[in-house]
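> One structure coming up, written as structure tokens, with questions to follow.
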Amino acid sequence: MKPREIKPKIYRVGALDWDRRLFDALIPLPDGTSYNSYLIQGSEKTVLIDTVDPTKETVLLENLDELGIKNIDYVVTHHAEQDHSGTLPVVLNKYPEAKVICTPKCQGMLVDLSLAPGDRIITVEDKETLSLGDKTLEFIHAPWVHWPETMLTYLREDKILFSCDFFGSHLATTDLYVSDEGQSYEAAKRYYAEIMMPFRNQIQKNLEKVKDYAIDVIAPSHGPMHDRPGFILKAYHSWAYDEPRNIVVLPYTSMHDSTRKMVDYLVGALVQRGVTVKQFDLAVTDIGKLAMSLVDAATVVIGTPTVLAGAHPNAAHAAFLANALRPNLKFVSIIGSYGWGGRTVEQLAGMISNLKVEVLEPVLCKGFPKESDFKALDNLADMIARKHKENNFI
Ligand code: FEO
């Protein structure tokens, strides 16, 4: 991708990655991603905002050459993660006058993770400013979006908030700005669920922090920019603050269809009681979709057979993931079939200690479910519907 002018003397110079399908060896990227890097030419100083993933370093360097950039004064580094800072040493090598600007916490992380030269790093305090001549940058410390060292940069004269991962989305598109709000909402929610949700309280603090800035454009480090920032600010506000909704997420796995039969029955029973259900077969599901569904669900019911005296590894994976992502769940239960015994419930319950949830009476049946098991599933559906109603989850 060639450099793209955003405003006079402000360019997007990063890279699209159409074909990447996995991040962190874990997170599915159905729509690829982008590593957004921005160049700002002030009347006195030139600044690069973030770099790109090392796999795309050539794109960044060629874009800077194409713009005829002979000197960079500062590389503002919002975040030490390698998809934005992995190319920092190469950029510093090409532009020997350039200094890195980051938070104090980021300094050591850059040296550790990207082997950046520590003597070329300048740290800035929260709200500190830097004049580029006719333009002014204000650095806003924003810890835990989504690492402890993260910060944002506000370009005052142009009212652009460079937000790094905050408000980002894994989405490769030639659109500079969000054009398809439906697609962008889904991509941003998926991103929030996978990356930001564990830090919901910090997200709230950082939303408070940016709310008093006049923002025309939010320029994140992944995905298209927001020239209608209210769209993404409102979405984030909802994800970070809203009470859970009247939704049950039901990740399950089944080996011989006994657990599947229970899942099908429970889904029907919940729907009859006015509860929305999102069902995921863990053998085939996209875990990003599962993560996204956890953003606003009130309840998770894990469906698993007992295998080798415990939960199926797929179910254990789902429980581990939910525990790590710390969604705002209120209730959890477990259903499934066993052959002769085991410790499935104790095992799964022990894996979700991060979740502040009430555990509703599990329903485990021996072999294929029978009338008494379906009755127990009806009781579980009654309990879930009643709990959601009592809590005004709508
Ligand atoms: Fe896009 Fe946390 O790096």
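> Does N201 fit the bill of being under 30 Å from T299 (Cα atoms) and in contact with a strand residue (DSSP E or B) (Cβ under 9 Å, 6 or more places away or on another chain)?
Taking the combined requirement at face value, the residue does not satisfy it.
> To continue, here is another question. Just checking, does region 370-378 include any residue being over 31 Å from the mean Cα position of the chain (by Cα), open to solvent by 40 Å² or more (accessible area, probe 1.4 Å) and within 16 Å of T253 (Cα to Cα)?
No - not one qualifying residue is present in region 370-378.
> Against the condition at pLDDT 95 or above and in a loop (DSSP other than H, G, I, E, B), how does T51 come out, does it pass?
yes
Per-residue answers, yes or no, for (1) at pLDDT 95 or above; (2) over 17 Å from the mean Cα position of the chain (by Cα); (3) within 30 Å of K135 (Cβ to Cβ):
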| position | (1), (2), (3) |
| --- | --- |
| E157 | yes, yes, yes |
| S169 | yes, no, yes |
| A172 | yes, no, yes |
| L176 | yes, yes, yes |
| A193 | yes, no, no |
| F199 | yes, no, no |
| Y241 | yes, no, no |
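> So, one more: Residues being within 16 Å of the ligand (Cβ to nearest atom), in contact with a Leu (Cβ under 7 Å, 6 or more places away or on another chain) and in a helix (DSSP H, G or I): count how many of those fall in region 73-91.
The number of residues fulfilling the criteria is 3.
> If you don't mind, another one. Among what's in region 246-260 and is hydrophobic (A, V, I, L, M, F, W, C) and buried (at least 20 other Cβ atoms within 10 Å of the Cβ), pick the residue that is nearest to A315 (Cα to Cα).
Here the residue is L250.
> Open to solvent by 70 Å² or more (accessible area, probe 1.4 Å), modelled with pLDDT of 95 or more, under 22 Å from D286 (Cα atoms) and not aromatic (F, W, Y) - does that describe any residue in region 344-361?
no
> For region 279-321, which positions are open to solvent by less than 10 Å² (accessible area, probe 1.4 Å) and either on the phi > 0 side of the Ramachandran plot or within 15 Å of the chain's Cα centre (by Cα) (or both)?
Selection gives G288, L290, A291, S293, L294.
> On to the next question. Do we find that Y191 is within 13 Å of the ligand (Cβ to nearest atom), at negative phi and of a type in the set (S, T, Y) in this structure?
yes
> Among (1) open to solvent by 40 Å² or more (accessible area, probe 1.4 Å); (2) within 13 Å of the ligand (Cβ to nearest atom); (3) hydrophobic (A, V, I, L, M, F, W, C), where does A142 come up short?
Unmet condition: (1).
> For region 106-137, which positions are in a strand (DSSP E or B) and more than 21 Å from I160 (Cα to Cα)?
I121, I122, T123
> Within region 168-192, how many residues are crowded, with 24+ Cβ neighbours inside 10 Å and assigned to a helix (DSSP H, G or I)?
Looking only at that region, the number is 5.
> Between S85, S34, which is touching a helix residue (DSSP H, G or I) at 6+ places or on another chain (Cβ under 6 Å), closer than 30 Å to L325 by Cβ and of a type in the set (G, A, S)?
The conditions single out S85.
> Then there's this: Just to be sure I understand, how many residues within region 148-167 are away from the ligand (no atom under 13 Å from the Cβ) and open to solvent by 10 Å² or more (accessible area, probe 1.4 Å)?
Selection size over region 148-167: 5.
> Pick from V295, V271: which is modelled with pLDDT of 95 or more and either in contact with a helix residue (DSSP H, G or I) (Cβ under 8 Å, 6 or more places away or on another chain) or within 16 Å of the ligand (Cβ to nearest atom) (or both)?
V295
> Kindly indicate the residue of region 55-72 that is without any contact (Cβ under 8 Å) to a residue 40 or more places away in the chain and open to solvent by less than 50 Å² (accessible area, probe 1.4 Å) and also farthest from the ligand (Cβ to nearest atom) among those meeting that condition.
G68
> For region 1-19, name all the residues that are assigned to a loop (DSSP other than H, G, I, E, B) and open to solvent by 60 Å² or more (accessible area, probe 1.4 Å).
Matches in region 1-19: M1, K2, P8, K9, W18, D19.
> Right, another one. Within region 92-112, is even one residue more than 25 Å from S131 (Cβ to Cβ), acidic (D, E) and more than 14 Å from the ligand (Cβ to nearest atom)?
Yes, that holds for at least one residue.
> To continue, here is another question. Looking at L207, L171 in this structure, which one is hydrophobic (A, V, I, L, M, F, W, C) and closer than 27 Å to D286 by Cα?
L171
The values are calculated or read from the model by the stated rules, or taken from the named source; none is laboratory data. None of the values given here were measured: they were computed from a predicted structure. Don't worry about glycine lacking a Cβ; one is built from the backbone with ideal geometry, like all the others, and counts go over all protein chains shown. Note: areas computed on protein heavy atoms with side chains; ligands, DNA, RNA excluded. Shrake-Rupley method; radii C 1.70, N 1.55, O 1.52, S 1.80 Å.
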